Amino acid sequence: MFLKDVQQKKSNGPFDNKIAQMQAHDLPVPEIWHLFAFKPEMTEHLSKFTDMAMRGPSPLSHGMRELIAAFTSRQNACPF
């Protein structure tokens, strides 16, 4: 992350816990989680939208939606 103030701010929200768990297992942390932890009140709607798009009712299975997201990330040279 290029914004160290964003990455280092702690707010004890749900994404802070997720980040801590990933770091505790020495796993890479999705960079957007730092933004969600930095300004949870501003990213709440994006988080809900993403959750509904990936896990809400759909003719596509959850696994198929994950596969599409992974493929798209790969095409954009973005780690998924």
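The values are calculated or read from the model by the stated rules, or taken from the named source; none is laboratory data. Bear in mind that the values here come from a model prediction, so they are computed numbers and not experimental data. Note: ideal-geometry Cβ built from the backbone for every residue, glycine included; neighbour counts use all protein chains shown.
Only residues that are assigned to a helix (DSSP H, G or I) and touching a residue at least 24 places away in the same chain (Cβ under 8 Å) were counted in region 22-41, giving 6. In region 1-40, the qualifying residues are those that are among the small types (Gly, Ala, Ser) and at pLDDT below 85, and the one that is surrounded by the most Cβ atoms within 10 Å (Cβ to Cβ) is GLY13. Beta carbons closer than 6 Å, at least 6 apart along the sequence or on distinct chains, pair a first residue in region 51-80 that is within 23 Å of PHE36 (Cβ to Cβ) with a second that is part of a loop (DSSP other than H, G, I, E, B) for ALA70/PHE80; SER73/PHE80.
Only residues that are of a type in the set (A, V, I, L, M), closer than 19 Å to VAL29 by Cα and not in a helix (DSSP H, G or I) were counted across region 42-80, and they come to 1.
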